[in-house]
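Take a look at the structure set out below.
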Amino acid sequence: QAQLVESGGGMVQAGGSLRLSCTTSGGTFSSYAVGWFRQAPGKEREFVAAISRSGDITDYANSVKGRFTSSRDNAKNTVYLQMNSLKPEDTAVYFCAAKLTYVLNRVAPQYDYWGQGTQVTVSS
């Protein structure tokens, strides 16, 4: 059973960058597709990005395409979300989620395991 832990959140000015990490201490991470989601105060959780088990296929929400990049190092059981050109509207709690599948998925309830989230705050 995968237990996920996010890290790397923080406060940054608009235009800055952050790199989030998602690690697991249980299971073989290379068996899981991983998704990134975010939730801002008063809003529903929304899809941000997803990466296949091997890392060769990625999917991004239109709002982050061209600015965010997901990658993974299965030897380190870690998935990354590099966030560049950050905007105030990117402010949210960011979650990683894992699903034992080869299919990328944008739907949060389809994921089996979740991290606790990490706060990202972008000031203008």
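The values are calculated or read from the model by the stated rules, or taken from the named source; none is laboratory data. Model, not experiment: these values are computed from the prediction. Glycine gets a Cβ as well: all are built from the backbone with ideal geometry, and neighbour counts include every protein chain shown. For accessibility, only protein heavy atoms count, side chains too; no ligands or nucleic acids. Shrake-Rupley method; radii C 1.70, N 1.55, O 1.52, S 1.80 Å.
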If you roll a 1.4 angstrom probe over the protein chains with everything in place, what fraction of the accessible area of the chain belongs to carbon and sulfur, to the nearest %? 46 percent
Output for the range 38-124: trypsin sites (Lys or Arg not before Pro) sitting in coil per DSSP, at most 12 other Cβ within 10 Å, listed by number, reads Lys43, Lys65
Name the residue, out of Ser70, Ser52, Ser85, whose mean-square fluctuation peaks in a Gaussian network model built on the chain with Cα pairs under 10 Å. Ser85
Please list, or write none, the lysines whose alpha carbon is within less than 27 Å of the alpha carbon of Lys43, excluding same-chain residues fewer than 8 places away. Lys65, Lys87, Lys99
Using θ = phi - 60° and Karplus 6.51 cos²θ - 1.76 cosθ + 1.60, couplings along the range 111-122 (whole Hz; Gly, Pro as x): 8, 8, 10, 9, x, 7, x, 9, 7, 10, 10, 10
Could you go through the range 103-109 in sequence order and give the Karplus-derived ³J(HN,Hα) for each residue, using 6.51 cos²θ - 1.76 cosθ + 1.60 with θ = phi - 60°, rounded to whole Hz, and x for Gly and Pro? 8, 6, 9, 9, 9, 4, x
Per-residue HN-Hα couplings for the range 79-86 [Karplus 6.51, -1.76, 1.60; θ = phi - 60°; Hz; x = Gly/Pro]: 10, 10, 10, 7, 10, 10, 6, 5
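Could you give the size of the charge dipole of the chain about its Cα centre, using +1 on the Cβ of each K and R and -1 on the Cβ of each D and E, expressed in debye and rounded to the nearest 20? Display every interim value, and only then the final one.
Details: 12 positive and 9 negative charges, 19 e Å.
In total the dipole reaches around 100 debye.
Between Ser123 and Ser31, take the C-beta separation as r, use R0 = 41 Å, and let me know the FRET efficiency to the nearest 0.05.
Working: r = 39 Å, r/R0 = 0.94.
Taking R0 as 41 Å, the efficiency between Ser123 and Ser31 is 0.60.
Tell me, what is the per residue accessible area of the chain in Å², probe radius 1.4 Å? Working shown, then result.
Working: 6170 Å² over 124 residues.
On a per-residue basis, the chain sits at 50 Å².
Could you give the length gained on full extension between Ser85 and Gln116, defined as 0.36 nm per residue of separation minus the Cα-Cα distance, in nm? Write down the numbers at each step before the final one.
Details: separation 31, 0.36 × 31 = 11.16 nm, distance 2.47 nm.
Working it through step by step, the gained length comes to 8.7 nm.
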Show me, bin by bin at 10 Å from 0, the whole-percent P(r) of the range 48-124 based on Cα pairs. 17, 52, 28, 3
What residues have an amide H closer than 5 Å to that of Tyr113, excluding those fewer than 5 places away on the same chain, when H is modeled at 1.01 Å from N in the peptide plane? Ala98
